[in-house]
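Each remark here refers to the structure printed beneath this line.
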Amino acid sequence: MVISDVRVQSAVHSLDQGRFGALIKAAMFASLIVALSLLYLFVQFRGLSTAGAMDQAQIARHLAEGKGFTTDYVRPLALSIVQKQTKKDQVDVSLFPDFFQSPLHPWVSSLGLRLIQGNWKMDLTEIVYRGDRIVAAVSMLFFLLSVAVWYFVLARLFDGRLALLGCAAVLLTDLMWQFSLSGLPQMLALFLLSLATLATLLAMESKPALGLSIGWLIGAGACLGLMTLAHGLAVWIFFGWLIFVCLYFPRRGVAAAAALAAYLFVVAPWLVRNYQVCGNPFGIASYGAFFNADPEQSFLRGSEINTEASGTSLQGKARVRLSQQVEMIFGYLGMNFVAAAFFLALFHPFRNQRTQSFKWCVLLMWTFAVLGMSLYHPSGIVSENQFHVLFIPLFIGYGMAFLFVLWNRLDLRSALLRTIFICALFFVCAIPMLLTLLAGQKSPINWPPYVPPYIAIMRDWFKEDEMICSDMPWATAWYAQRSSLLLPESIRSFNLMHDYRHTVQPIRGLYLTPLTGDQPLFSGIYKGVYKEWATLITRPPQVRGFPLPAFAALPIDGQCIIFSDHPRWNQPRASNP
């Protein structure tokens, strides 16, 4: 009996402390990741909800079709630029080049879309489009891959145990999962930033060996170049990182020049391509810094760019946007208390000199990212230009290390109290996630303003060689797979495009949604950016003299309306390609 008890205790000890213990902990960690991934992807996911995600998704489908970096989303400004570049009055938009979005994320998403090539047409009985779920799954994959790389980053900065705890805190941050589901390029950028950070730390470890150190810096510069191809705003992070390289490494000029050369080697081909296509190496998205409103509602709707008509000065806009970021910083960090503790960690001198030095690299990169976001302001917590989220893993690492230092200074040697302290940190990090999961799903779709099945049906109403104009052309391009023109600045501009056939494909439909209809009646419609379209936005629409006189209200509750040259919705459904 005694021998049996000894064997049982030995087995328990081996499970708790030995190789099996590590396997069990790894299995538990993997189970947590799988459970959260399935829960978010198949329970919480309601489809793509941002213009940028849908825009990049439809470009990705073009890449998967072999059409190159072309788009079904035609902006009036882009159309005018292509007319001038090609010196043609009529432009064929079947292969219309895109020079607004960055290329890497659509290319990566296209690899996933190839897996469902036979199911690109949305079934009208679907609630969530399969393409939406594929795009989100690819984004989620890069998030999980980045967490694996961040473990090695934090292990080098601190130790393996803190790295494991830090990665667990990242996984419990709801904002990271929300970005994974968004289909935006942030998770791909997060993965590339983790690789660049790891390469930078390896360069710092190899500092005495200049050649090896420069090799790692070249790798980091290349990763940051790829990150810029994933999202142009990442160039600001590169500026902050390059300053750190100049300050930290010996022979600053050589190290910085090598890193800069690697960065430019990656980025330059895309800049040349953009210059050839539109005459601006940075594309038309670069003009967004001069305008206050959402760019989909301002300068892209006209045929010319007038930065002087944008209102206040660029410096004034930057100051306002900077103060807004400061006010909302806790929300931008996912309301993660541990991540916010990074700013307190700046005042703590870490004993590890490399950890102490790299802290300033993180601060420099984040500061320059803030400057970039002051020019290209995020339109929400989960939005295309929100780059605070990329720093959450590093912020959590430093913040958690600082909080552990404070705990150790209390000199409480109880293992139970330490466990309670760690659990409390995890609980605080997970509060937004718990609120999200316990709240359940309010609606199976992102309404308002998106109703994917009733957008997809327009594929049957309009032919492939016809265009649709809309206030949400990114959605009609993605779900209906039809060339879609952004609502021009006025009905007169629309009539000119329609009557003089600025495009080879005729404009045969106009689709208006709550994006315009839900605007305040006087400040948004009669006096706002849509004032020139007030006669068609208000109900009933006044179609006298308008070239698309037939109209019909669409679900939900008639808040969407479709105009056409004749009532196509009353005809038998066609089987268009």
By the scheme Lys and Arg +1, Asp and Glu -1, what is the net charge of all other residues having a beta-carbon under 13 Å from that of residue 168? +2
XL table 121/463; 88/531; 67/531; 67/463; Cα-Cα > 25 Å flagged, in table order, is 88/531; 67/531
Only helices at least 18 Å long along their own axis, judged from Cα atoms, and with Kyte-Doolittle mean hydropathy of 1.0 or greater: name those in the chain from DSSP H. 19-39, 130-157, 186-205, 210-230, 234-248, 252-278, 392-409, 415-439
As a test question: what accessible area, to the nearest 10 Å², does residue 305 have when a 1.4 Å probe is rolled over all protein chains in place? 50 Å²
Determine the share of region 180-290's accessible area contributed by carbon and sulfur atoms, expressed in whole percent, with a 1.4 angstrom probe. 77 percent
Of (1) 70, 58, 51; (2) 92, 65, 44; (3) 153, 90, 45, which is the value of Cα extents along the principal axes in Å derived from the coordinates here? (2)
Tally the DSSP beta bridges in the chain and give the antiparallel ones as a percent, rounded to 5. 50 percent
Measuring from label point to label point, each 7 Å out along Cα→Cβ, what is the residue 413 to residue 550 span in nm? 8.6 nm
With the full set of protein chains in place, find how many percent of the accessible area of region 446-524 is carbon and sulfur; take the probe as 1.4 Å. 52 percent
Rounded FRET efficiency, nearest 0.05, which uses the C-beta distance separating residue 126 from residue 523 and R0 of 56 Å: 0.90
Per residue, how much accessible area does the chain show when a 1.4 Å probe rolls over the protein heavy atoms, in square angstrom? 44 Å²
Reachable aspartates and glutamates from residue 317, Cα under 17 Å, same-chain residues fewer than 8 places away excluded? 294, 308, 327
Using a cut-off of under 17 Å, list every residue of region 500-533 whose amide N is near the label point 7 Å from the Cα of residue 83 along the Cα-to-beta-carbon line. 500-508
For region 441-577, what is the percent of antiparallel DSSP beta bridges, rounded to the nearest 5? 55 percent
Roughly speaking, to the nearest percent, how much of region 368-440's 1.4 Å accessible area is carbon and sulfur? 72 percent
Those chymotrypsin sites (Phe, Trp or Tyr not before Pro) from region 491-569 that are DSSP loop and have at most 12 other Cβ neighbours within 10 Å turn out to be 500
Quote the charge dipole size of region 300-364 about the Cα centre in Debye, to the nearest 20; the model charges only the Cβ of Lys and Arg (+1) and of Asp and Glu (-1). 320 debye
Just going by the charge dipole of region 220-378, with Lys and Arg at +1 and Asp and Glu at -1 on Cβ, which of 247, 368, 352 is farthest out on the positive end? 352
In debye to the nearest 20, the charge dipole size for the chain, taken about the Cα centre with +1 at each Lys and Arg Cβ and -1 at each Asp and Glu Cβ, equals 1020 debye
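The values are calculated or read from the model by the stated rules, or taken from the named source; none is laboratory data. Note that this is a predicted model, so its numbers are computed, not measured. Neighbour counts run over all protein chains shown; Cβ positions are idealised from the backbone, glycine included. When the accessible area is computed, the model is the full protein with side chains, heavy atoms only, and any ligands, DNA or RNA have been set aside. Shrake-Rupley method; radii C 1.70, N 1.55, O 1.52, S 1.80 Å.
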